[in-house]
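> One structure, as C-alpha cells, below. Some questions next.
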Amino acid sequence: MLYPGVHPGGRMRKEPEELIRGTLDALILKTLTWGSRHGYGIARWIKETSGDALAVEDRALYLALHRLEDRGLVESDWGYSENNRRAKYYQLTARGRAELRVESNRLSRYADGLFRVLNATRWEAP
Amino acid sequence: MTRSESRFPGLRRVVRLPGRSIQADVDEELAFHIESRVHELVRQGTSASGARRIAEAEFGDVRASRRELAAVDRHRRRRERIAHVIESIAQDGRYAVRALLRTPAFTVAAAGTLIVGLAATISIFAVVNGILLRPLPFEDPDRLVGIWHDLPRFGMNHVPQAPQLYFTYQSEARAIAGMGMFRERATNVDDPNGSAAPSRLSTGFFTATMFSVLGVHPALGRWFTDDEDRPSGRPVVVISYGMWRAQFGSDPSIIGRPLDVDGIRREIVGVMPPSFRFPSAQTDLWIPLAMNRVSPPPSAYGYYSVARLKPGVSVVDAQRDLAVVLPRVAERYATFVPGITMRMMLDQLRPKPVLTSFRDDITGGIAGTIWMLAAAGLLLLCVACVNVANLVLVRCDARQREFAVREALGASRFRQMRQIASESVMLAAVSGALALGTAWLAIRTFVAHGPEEIPRLPEVSVDAATLWFALAVTSFATIVCTLLPALRLGRARMSTSPSSSTRGGTADRAQHRVRGVLVGTQIAFSLVMLAGSGLLLRSFERLHSVRLGFDAEHVATVWIALPRANYDRDSDVVRFMANALNGIGHLAGVSSVGVTSRLPLVARGVNQNPVYPEGASTYDTKLPPLQILTSVGGDYFRTMRIPLIAGRLFDGMEHQRDGDAIISRRTALMFWGDSTGAAAVGKRFRTLPTDPWYTVTGVVGDTRDTTLAAAPSPTVYFPEAVPRNSAAVAPSRVMAIVARTIGEPASTVADMRRIIRELDPRLPTFGAESMSDVMRASTARLAFVMLVLAVAAAVSLVLGAIGLYGVMAYAVTLRRREIGIRLALGAAPPRIVLATTRQGLALASIGVAVGLALFGAATRLMRALVFEVSAWDPATLGAAIAILLMAAALASWLPARRAANVNPAETLRAD
C-alpha cells in the first residue's frame, strides 16, 4: 500500500523536548521488556509513559527498530493486532536484553552526573 | 497481544515466502501504523480526512522512510542468508564427521586408499610439471633450438657441433637470430683469498653470445663481453648463485675478486641468478670459450650449440637454411682435423644439420621414464578411486535400512543425498589435504636424493600448478565417491522398503554386477603394474649378471686433473702420475695400482675416434669405425682384473714407451678378424693418416664401458707416456687412479688422497670412491623407477585384493539364504567353499585378461628401461598372473569359508 499525498516534514504545534542522541534505542528496548509489541504500540507507549514529554518522530522510531533488528537485538514476526489487522511484532532477544542493561546503566550514570552539575548549589574551587 | 503467525518461529527468516518482497513488508508495517493513528484520532473526534493528514504529518517523511527501512532490512536479510549457509555447511560437516567416526574401519580404509592414490598422483604431477611442462627458465624458450648433425655415412645420429660449422652457420645462416656454442667440463678451482681446499667444479665454457641467445641476465655484475671471448681476451669468470652463497657467503662486493681456474687467475665479473642451471644443475662457473675463429681447435664434433630462431621461422625452414649454408664451410676452412681436409669430411661424412627443440635436448632423455611413472601414478589413482567407490557402495548397502527409515520419517531425498555428499566431501577434503602434505614430503625427498642425472630436478616443487592439480584430482575423487552412492540411493528407493532385507532383489544384483566390474578393473590395473615392475626387476637382475669384463669389487678410485698452468710439459704429467702410483702402491692395504683416463661405466673422459689399421685400403676412402681411446699406466689391467688374452701388457709406469698400444678383443676382431688376439699382436695402426704408427703389443678382454646395457665398445689403450712427437696422443691430464684393496676401498681412499695432497696441496681430488659406487650409480635410474613401480604395484595388489574380498563377502551375504538351504539339504561345506572361490577366481580372470590387453599398450612406455627381457616375457607375466590369482583366491576363500560355516537353521530364521 502506498501513501499518496504525503508531504514531508510536518510538526506538531507544541514542540516537546528533543531526544538526546542514543537514548531512543534504550527506550525501545525498555518498551519491549514487557513482551512483544508492534511499532505503533511502542510509539504510543513511549509517548504516554513520558507524559508526552519525549518527542519521538515515528520515522526515527521505525528506523531505530529496523536497525536494532539488523543488529540482532530485537526480532520480528507477523501477527494480528487487537482489531485483527496484520501487524509486525517486535520482541527482545537475549542480546537485546543484555544491551538494555548496559545502556540503561550508562544513561543513568550520565543523567546522574548531569543532575549533579545542574543542581550544584555552591562553587568550590577544584 | 497475539500469537505468532507462523508455526515454526524463524522459518520466515530462512525461506522467503513467494510473492512477498521486503518492500511489501515495510509498506504494510507503515500502513498499519498510519491506520492505527487515524483510528485513534477519529475516536478522539477528529474528522477522517483531518486525522489522516495529522497522522502522516506526525510520522515524518513516509516516502524516505520506506526506502530507508527497506535498505536496512535488505542488508539484514543478506547477512542472515550467508550466516545460514555457513551454519548449514558447518552442520553438514559435523554430521559427516560424526557419521564417519561411527564407522572407523571404513573411514580409515577409504581415507588411506585415497591418500595413497592422491599423494602418488600429485607428486608425479609435480615432477612432470617441473621437468617436462614448465617452460625452460629462458626468454621465449620455444624459439630455442639445439643444433646437431646426422652423419648418415657413418651411421651416427645427433652428433654435436664442429667449431668450423658453427662459425660458418653464425655468419651465413639467415633463419637464425643468434647462436652460441659451449661445452662443459670440470676445472680445478682455488680461491686465492680463501682458506678452503681447492675444489673440482663443473665449468661451462661459453661463447659470449650464449647469454643473449638464452636471454638470461646475471643477478650481480655482468656477463662476459665479445672482447673477453677471444683467445687473448681478459681472463674473467662468472659464478653461480649457489657458489656465491656457499663459498663467498653472498658477499655483495664479490665483483672484481680473483679466482684461480685451472691455475689461471681470473676476475669474477658476474653472479648468475639461482634459476640459471645450465648446462647442468652442477655447473658452478662460466668462463669464455675464447675460441680462435680463424683456426678453431681440431676437435671435430666436440661442442654443443644452441640457436634462437628468428620470429616466424619454423624449425624445418631453419634446418633447410643450415643445410644450404653448410657446404660453404669448405671455402672458409681448409682442414677439418689434421690430416683430413674439410672437403674429405663433407664428402665422406655427408653431415646433415638437425635442429631439435631445446626442451627435448634438455629433458628428452628422461621424458619416457617420467611419462611411465606418470602412467603408473594415474593407474594407482584409478585403482584407489575404484576401491573407494567400492567401499562407499558397501557402506551404502549397509545403510540402506537407515536411509529407508529416514525417508519414511520424512527426510527428503535431497537431504539424504546432501548428507552422503557432505560425508564424501569431508572424506576427500581431509584425504586431499593429507595427500598434499605427503606429496610435499615425497617431492622434497626426491629432489634431495633423486638420481642426479635427472635434468631440471631442482626445479621440481609444489607450485601453484601443482596445488591446482591437487584440487582437481581431489574434486575428481570427491565426485567418484559421491556419484556412485547417489545413484545407488536413487535406485534403492525403488527396490527397498524398511522391511525388506538384503534378500537380493534385481537392483541388488545389478549393483553387485557394477561392483564386479569395478573389481575386475582394479585387478586389470594391478596386473599392468605387477607385470611392469616384474619386467624391471628382471632387467635389473639381467644387468647385474652381465659379464662386466672387469672385477668391480675392492677397487678404490680417486680422480685428479693436472692443469696445464702448473703442469706445462707432458713429462711433468707423467712424472706426477709415476710418483702418485709409487706412493699409493706402497700403502699397506693396496695390492696393485694403476691409472686410466677413463673408467668403465663413467661418462667422464670418453674419447671416441677412428684409428687406421696398416694396410687396410678400405679406409682410404671411408672413415674407419670409432674406438674409445684410453690412456693407461701402472698396473691398470691387473688392478681392474681385465684379462690379457694375447701378447704382453705395458711395462711399469717409468718405462712405458710411446708407440706401444693395447687393443680390446673387439678391436682385434674388427681389424684382424681374430678373437683370440694372437693375429693382432705386432700389427700396426695409427690415429690419423698423418700420424706415426702404433704397434699392438697386447690384446685384452672387452669391458662393459658405457652402460651395463650396451655392448662393449672397441677400445684402444695407449700408455700414459711422453709422446714421440707433438701430433701423437698426448698423456691425459684428467686421470683416475685405481687401486685394488685388500679391505674395504673406502678406508684406502683417504690414504690415496693424502698422498696426492703431499705431492701437490693445491690439487683437488674428485669422483666416486669405488667401482662398486660406480656400478650402483650406473643403475640408479633403473633402480629408482623399479622401486617406485614396485611400491605402486604392491599397493594396487593389496587394494585389488581388498576390493575383491569386499565383493565376495557381499556376494556371500546375498546368497546366505541359498547357502543355508543348500547346507540344510545336505550339501558338503567344502563344495560350497569351492564354488564360491571359483566365482571369485572367475572375476579375477576377467580382470587379468583385460589387464593383459592394457599391458600390451603400456609396454611401449617401458621399452627404454627394459634390458634383455622381452615385454611378453612368459616367466614374468606368469608370475604376475600367479600372484594376482593367488591373492584373488585368498580374498574369495575367506568369505567362502565363513559362508560354509553358517548355521542353516539360523540363516533361515533370520529372514
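The values are calculated or read from the model by the stated rules, or taken from the named source; none is laboratory data. Just so it is clear, the model here is predicted, and its values are computed rather than measured. FYI the Cβ positions are ideal-geometry reconstructions off the backbone, even for glycines, and counts take in every protein chain you see.
> Given B:Leu201, B:Leu165, B:Leu144, which one is within 22 Å of B:Met243 (Cβ to Cβ), touching a residue at least 40 places away in the same chain (Cβ under 8 Å), crowded, with 20+ Cβ neighbours inside 10 Å and not hydroxyl-bearing (Ser, Thr, Tyr)?
B:Leu201
> Is it the case that A:Leu27 is without any contact (Cβ under 8 Å) to a residue 24 or more places away in the chain and either at the interface with chain B (Cβ under 10 Å from one of its Cβ atoms) or buried (at least 18 other Cβ atoms within 10 Å of the Cβ) (or both)?
Taking the combined requirement at face value, the residue does not satisfy it.
> Can you tell me which residues in segment B:869-911 are surrounded by fewer than 16 Cβ atoms within 10 Å (Cβ to Cβ), modelled with pLDDT of 80 or more and not in a helix (DSSP H, G or I)?
Selection gives B:Ser870, B:Trp872.
> Now, a different point. Given segment B:341-440, what helices (runs of 4 or more DSSP H) lie entirely inside it while holding 3 or more residues that are at pLDDT below 80?
Numbers: elements: B:342-349, B:358-398, B:400-408.
Counting at least 3 such residues, we get B:358-398, B:400-408.
> Counting just the residues of segment B:77-93 that are within 13 Å of chain A (Cβ to nearest Cβ) and touching a Lys or Arg at 6+ places or on another chain (Cβ under 9 Å), which one comes out farthest from B:Asp25 (Cα to Cα)?
The extreme case among them is B:Glu80.
Conditions (1) of a type in the set (Phe, Trp, Tyr); (2) in contact (Cβ under 8 Å) with a residue 40 or more places away in the chain, marked per residue:
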site	(1), (2)
B:Phe278	yes, yes
B:Thr283	no, yes
B:Pro288	no, yes
B:Asn292	no, yes
B:Ser295	no, no
B:Tyr303	yes, yes
B:Val306	no, yes
B:Val315	no, yes
B:Gln319	no, no
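The rows are residues; the columns are (1) of a type outside the set (Phe, Trp, Tyr); (2) out of contact with any helix residue (DSSP H, G or I) (no Cβ under 8 Å at 6 or more places or on another chain); (3) closer than 30 Å to B:His33 by Cα; (4) within 14 Å of another protein chain (Cβ to nearest Cβ).
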residue	(1), (2), (3), (4)
B:Phe59	no, no, yes, yes
B:Glu68	yes, no, yes, yes
B:Tyr95	no, no, no, no
B:Leu100	yes, no, no, no
B:Phe106	no, no, no, no
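> Which of the residues spanning segment A:92-126 are farther than 30 Å from A:Glu69 by Cα and surrounded by 10 or more Cβ atoms within 10 Å (Cβ to Cβ)?
A:Gly113, A:Leu114, A:Phe115
> Filter segment B:769-796 for residues that are closer than 29 Å to B:Asp191 by Cα and touching a strand residue (DSSP E or B) at 6+ places or on another chain (Cβ under 6 Å) and give the result.
The one that is closer than 29 Å to B:Asp191 by Cα and touching a strand residue (DSSP E or B) at 6+ places or on another chain (Cβ under 6 Å): B:Ser770.
> A further question follows. If you go through segment B:394-421 one residue at a time, how many are under 21 Å from B:Gly93 (Cα atoms) and of a type in the set (A, V, I, L, M, F, W, C)?
Looking only at that region, the number is 7.
> Just checking: which of the strands (runs of 3 or more DSSP E) contained wholly in segment B:561-639 hold 2 or more residues that are under 23 Å from B:Ala746 (Cα atoms) and not hydrophobic (A, V, I, L, M, F, W, C)?
In segment B:561-639, B:590-596, B:626-634 are the strands (runs of 3 or more DSSP E) which contain 2 or more residues that are under 23 Å from B:Ala746 (Cα atoms) and not hydrophobic (A, V, I, L, M, F, W, C).
> Further, regarding this structure: Could you tell me which numbered condition B:Asn582 fails, if it satisfies all but one of (1) in contact with a helix residue (DSSP H, G or I) (Cβ under 7 Å, 6 or more places away or on another chain); (2) surrounded by fewer than 21 Cβ atoms within 10 Å (Cβ to Cβ)?
Here B:Asn582 meets the rest and fails (1).
> Which condition does B:Ser796 not pass, out of (1) under 30 Å from B:Ser539 (Cα atoms); (2) surrounded by fewer than 16 Cβ atoms within 10 Å (Cβ to Cβ), if it passes all the others?
Going through the list (1) under 30 Å from B:Ser539 (Cα atoms); (2) surrounded by fewer than 16 Cβ atoms within 10 Å (Cβ to Cβ), B:Ser796 breaks only (2).
> Please list, ordered by residue number, the strands (runs of 3 or more DSSP E) wholly in segment B:260-320 having 3 or more residues that are closer than 29 Å to B:Arg762 by Cβ.
Passing ranges, in order: B:264-271, B:285-288.
> Let me ask you something else. Could you tell me which residue of segment B:334-365 is surrounded by the most Cβ atoms within 10 Å (Cβ to Cβ), considering only residues that are farther than 20 Å from B:Val316 by Cα and among the polar types (S, T, N, Q)?
Taking the candidates together, the pick is B:Thr363.
> If you check B:Ala827, B:Ala849, which single one turns out to be aliphatic (A, V, I, L, M) and assigned to a helix (DSSP H, G or I)?
B:Ala849
> I need the full set of residues from segment B:536-582 which are hydrophobic (A, V, I, L, M, F, W, C) and touching a strand residue (DSSP E or B) at 6+ places or on another chain (Cβ under 7 Å), in order please.
First, the residues of segment B:536-582 that are hydrophobic (A, V, I, L, M, F, W, C): B:536-537, B:540, B:543, B:546, B:548, B:550, B:552, B:555-556, B:558-562, B:565, B:573-574, B:576-578, B:580-581.
Those that are hydrophobic (A, V, I, L, M, F, W, C) and touching a strand residue (DSSP E or B) at 6+ places or on another chain (Cβ under 7 Å): B:Val555, B:Ala556, B:Val558, B:Trp559, B:Ile560, B:Ala561, B:Ala565, B:Met577, B:Ala580, B:Leu581.
> Further question: Quick one: which residue in B:Val558, B:Val519 is touching a residue at least 12 places away in the same chain (Cβ under 8 Å), within 29 Å of B:Leu393 (Cβ to Cβ) and among the aliphatic types (A, V, I, L, M)? If you could, list the steps in order and put the result at the bottom.
Numbers: B:Val558 fails: within 29 Å of B:Leu393 (Cβ to Cβ).
Answer to the selection: B:Val519.
> Can I ask one more? Mind checking whether some residue in segment B:787-800 is hydroxyl-bearing (Ser, Thr, Tyr), outside any helix (DSSP H, G or I) and on the phi < 0 side of the Ramachandran plot?
No, because not a single residue in segment B:787-800 is hydroxyl-bearing (Ser, Thr, Tyr), outside any helix (DSSP H, G or I) and on the phi < 0 side of the Ramachandran plot.
Matching residues to (1) in contact (Cβ under 8 Å) with a residue 60 or more places away in the chain; (2) within 7 Å of chain B (Cβ to nearest Cβ); (3) under 12 Å from the mean Cα position of the chain (by Cα); (4) buried (at least 19 other Cβ atoms within 10 Å of the Cβ):
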| site | (1), (2), (3), (4) |
| --- | --- |
| A:Tyr40 | no, yes, yes, yes |
| A:Ile46 | no, no, yes, yes |
| A:Asp52 | no, no, no, no |
| A:Tyr62 | no, yes, yes, yes |
| A:Leu65 | no, no, yes, yes |
| A:Leu68 | no, no, yes, yes |
| A:Ser76 | no, no, no, yes |
| A:Tyr80 | no, yes, no, no |
| A:Asn83 | no, no, no, no |
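Yes/no matrix, rows are residues, columns are (1) over 29 Å from B:Thr779 (Cα atoms); (2) small (Gly, Ala, Ser); (3) at pLDDT below 80:
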site: B:Met577; (1), (2), (3): yes, no, no
site: B:Pro613; (1), (2), (3): yes, no, no
site: B:Leu626; (1), (2), (3): no, no, no
site: B:Val632; (1), (2), (3): no, no, no
site: B:Asp674; (1), (2), (3): yes, no, no
site: B:Gly677; (1), (2), (3): yes, yes, no
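> Filter segment B:640-668 down to residues that are in contact (Cβ under 8 Å) with a residue 12 or more places away in the chain and in a helix (DSSP H, G or I) and give me whichever is nearest to B:Gln608 (Cα to Cα).
So the residue we want is B:Thr667.
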